[in-house]
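**Student:** My questions will all concern the structure given below.
The values are calculated or read from the model by the stated rules, or taken from the named source; none is laboratory data. No experiment lies behind these values; they were computed from the predicted model shown. All Cβ positions, even for glycine, are placed from backbone atoms using ideal geometry, and neighbour counts span all protein chains on display. These accessible areas exclude ligands, DNA and RNA; they are computed on the full protein's heavy atoms, side chains included. Shrake-Rupley method; radii C 1.70, N 1.55, O 1.52, S 1.80 Å.
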Amino acid sequence: MNPLQIAWRQALASLRFRAVGHGMSVFGVILGSGMFGSVQAYRMALAPMGLSLADSNRLQWFSWMAALMALVGIGNQFLLSVTARFREIGTLKCLGASNQLIGMIYAIESLMLGSIGALIGGVVGPVLGSMIAGRPSLEAAPLSFAVGLSIAFLAIWIPIAEVMRLPATSALRAED
Amino acid sequence: MAALRTLDLVKEYGSGEAMVRAVDHINCEIAEGEFVAIVGPSGSGKSTLFNLIGGLDRPTSGHVYIGSVDISQLATKEVAYLRCHRIGYIFQTFNLLPVRTALENVALPLLIAGVRAAESDERAAELLDKVGLGSRLHHRPSELSGGQQQRVAIARALANKPSIVLADEPTGNLDTKTGQEIIDLLREMNQSEGVTVVSATHDPKMIEAAGRRLNIEDGRLT
């Protein structure tokens, strides 16, 4: 079995049995892509009705700030979930898992969580934003989905770097 | 050939005045098929020695040979390969992956070694049967008792037919009776399969079961 398949199975098992921690991450991505999407949808809905360039820029700025804040929040959440799993990571290293394999497990997990969150937030946000503007539309949905997924993907890199630095002796520490 | 050999092994922590030499020029040799207990009070350097011979930590100087391979000279990738193929680890806290079943836990090192899925499952089931858990293949660690979890861990450690099994206080988290069962199982694997077992331990029963004890104090063998 190749490393990608091994990582895929491990990530899938982890997603199924760690609902609470992962739920928080998904919620973060929903908020990020949702806020981004609602402001973008609002801007897009008003654009044909004579939105000034200054107002349009302001809304752009709001939406990207929301995405950035979500990135920080989710990065934190991922870091926390990795810290809680130091022993598991040490054990995987003792079983001969390479850094690459462990990195893959986390990358797959974050992409799956990101997809779920970005799908929900990327639809709900734009629908709400455009409704507030009085012209319901899903125009902003694809971009919001992409932003949500990117947030999840970017947020996992610092935790992954942390995991790779971790010595295998973390498996031996007695405290839970 | 010796299963494991150390040559002038030294591990120092800190520097200058605060420097501590946790392992102080240790030379030892463990033959294939031996059952050895590493014994020493806490702070003696027992854990450090254990980590060094398990490839979990790098020595300041000196060498650790597993078979003919000097593991102190290996790159990260090579260490991972060695851990996978040549060393089996058993921990005080069992360390099964909580989200996987007993069968999946035992099959994982086989999959990492590149064995096909069907074969891995077959061998994992065989090993679990051997440690007396043939009827618990699809239970998760949370559904198993401590003793059962340690049995799964033993099966997992043996999965890739390692040249050496390292057990760190394997009975430390178990009651006396269950601990004895684990000792008996290790002893049996040692005798019937010829597995070399090295265990860091305080447990008098474990020490008694071992064929040889290495006493360590202040970083030196006594």
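**Student:** Restrict the check to the stretch B:139-152 and report whether at least one residue is within 16 Å of the chain's Cα centre (by Cα) and open to solvent by less than 10 Å² (accessible area, probe 1.4 Å).
**Tutor:** Yes: one or more hits.
**Student:** Filter the stretch A:78-91 down to the residues that are within 9 Å of another protein chain (Cβ to nearest Cβ) and either open to solvent by less than 10 Å² (accessible area, probe 1.4 Å) or not in a helix (DSSP H, G or I) (or both), then identify the one that is nearest to B:LEU96 (Cα to Cα).
**Tutor:** A:THR91
**Student:** Kindly indicate whether A:GLY125 is on the phi < 0 side of the Ramachandran plot, crowded, with 19+ Cβ neighbours inside 10 Å and within 12 Å of the chain's Cα centre (by Cα). Let's see the steps before the verdict.
**Tutor:** Values: on the phi < 0 side of the Ramachandran plot: yes; crowded, with 19+ Cβ neighbours inside 10 Å: yes; within 12 Å of the chain's Cα centre (by Cα): no.
The answer is no for A:GLY125.
**Student:** OK, next. For residues that are open to solvent by less than 20 Å² (accessible area, probe 1.4 Å) and assigned to a helix (DSSP H, G or I), scanning just the stretch A:147-166, find the one that is farthest from A:PHE62 (Cα to Cα).
**Tutor:** For the stretch A:147-166, the residue satisfying everything is A:VAL163.
**Student:** Looking only at residues that are farther than 14 Å from A:ILE156 by Cβ and surrounded by 16 or more Cβ atoms within 10 Å (Cβ to Cβ) in the stretch A:1-14, which one is farthest from the other protein chains (Cβ to nearest Cβ)?
**Tutor:** A:TRP8
**Student:** Go through (1) among the β-branched types (Val, Ile, Thr); (2) more than 10 Å from every other protein chain (Cβ to nearest Cβ); (3) more than 21 Å from B:ALA31 (Cα to Cα) for B:ILE66 and report which single condition fails.
**Tutor:** Going through (1) among the β-branched types (Val, Ile, Thr); (2) more than 10 Å from every other protein chain (Cβ to nearest Cβ); (3) more than 21 Å from B:ALA31 (Cα to Cα) one by one, B:ILE66 breaks only (3).
**Student:** Is it the case that B:GLN180 is free of Cβ contacts under 8 Å to residues at least 12 places away in the same chain and either more than 18 Å from B:ALA107 (Cα to Cα) or not in a helix (DSSP H, G or I) (or both)?
**Tutor:** no
**Student:** In addition: Just name the residue that is surrounded by the fewest Cβ atoms within 10 Å (Cβ to Cβ) out of those in the stretch B:85-118 that are within 16 Å of B:VAL197 (Cα to Cα) and not small (Gly, Ala, Ser). Steps first, answer last, please.
**Tutor:** Filtering the stretch B:85-118 for residues within 16 Å of B:VAL197 (Cα to Cα) gives B:85-92.
If we keep only those that are not small (Gly, Ala, Ser) as well, we get B:85-87, B:89-92.
Values: B:HIS85: 16, B:ARG86: 19, B:ILE87: 26, B:TYR89: 28, B:ILE90: 23, B:PHE91: 25, B:GLN92: 19.
Residue satisfying both the conditions and the ranking: B:HIS85.
**Student:** Further question on the same structure: If I ask for residues that are under 23 Å from B:LEU158 (Cβ atoms), open to solvent by less than 30 Å² (accessible area, probe 1.4 Å) and assigned to a strand (DSSP E or B), which ones from the stretch B:60-69 would you list?
**Tutor:** If the condition is that a residue be under 23 Å from B:LEU158 (Cβ atoms), open to solvent by less than 30 Å² (accessible area, probe 1.4 Å) and assigned to a strand (DSSP E or B), then B:VAL64, B:ILE66 are the ones that fit.
**Student:** Test B:ASN173 against the stated conditions and say whether it is open to solvent by 20 Å² or more (accessible area, probe 1.4 Å), within 17 Å of the chain's Cα centre (by Cα), more than 20 Å from B:ILE53 (Cβ to Cβ) and polar (S, T, N, Q). Before the answer, list the steps.
**Tutor:** On the way: open to solvent by 20 Å² or more (accessible area, probe 1.4 Å): yes; within 17 Å of the chain's Cα centre (by Cα): yes; more than 20 Å from B:ILE53 (Cβ to Cβ): yes; polar (S, T, N, Q): yes.
So B:ASN173 fits the description; yes.
**Student:** Of the residues A:GLN60, A:GLN100, only one is touching a helix residue (DSSP H, G or I) at 6+ places or on another chain (Cβ under 8 Å), at pLDDT 95 or above and surrounded by fewer than 19 Cβ atoms within 10 Å (Cβ to Cβ); which? Walk me through it before giving the result.
**Tutor:** Numbers: A:GLN100 fails: at pLDDT 95 or above.
Testing whether each residue is touching a helix residue (DSSP H, G or I) at 6+ places or on another chain (Cβ under 8 Å), at pLDDT 95 or above and surrounded by fewer than 19 Cβ atoms within 10 Å (Cβ to Cβ) leaves just A:GLN60.
**Student:** Identify, please: which residue in the stretch A:137-176 is β-branched (Val, Ile, Thr) and within 18 Å of A:ASN99 (Cβ to Cβ) and is, among those, modelled with the lowest pLDDT?
**Tutor:** Selected residue: A:THR169.
**Student:** Look through the stretch A:128-146, keep the residues that are not aliphatic (A, V, I, L, M) and not in a loop (DSSP other than H, G, I, E, B), and return whichever of them is surrounded by the fewest Cβ atoms within 10 Å (Cβ to Cβ).
**Tutor:** Within the stretch A:128-146, the match that is surrounded by the fewest Cβ atoms within 10 Å (Cβ to Cβ) is A:PRO142.
**Student:** Inspect the stretch A:55-74 for any residue being closer than 30 Å to B:ALA80 by Cβ, in contact (Cβ under 8 Å) with a residue 12 or more places away in the chain and more than 14 Å from chain B (Cβ to nearest Cβ) and give the result as yes or no. Explain how you work it out, then say what you get.
**Tutor:** At the first step, the residues of the stretch A:55-74 found to be closer than 30 Å to B:ALA80 by Cβ are A:74.
Then keep just the ones that are in contact (Cβ under 8 Å) with a residue 12 or more places away in the chain; that gives A:74.
With more than 14 Å from chain B (Cβ to nearest Cβ) added as a condition, the list becomes A:74.
Yes - at least one qualifying residue is present in the stretch A:55-74.
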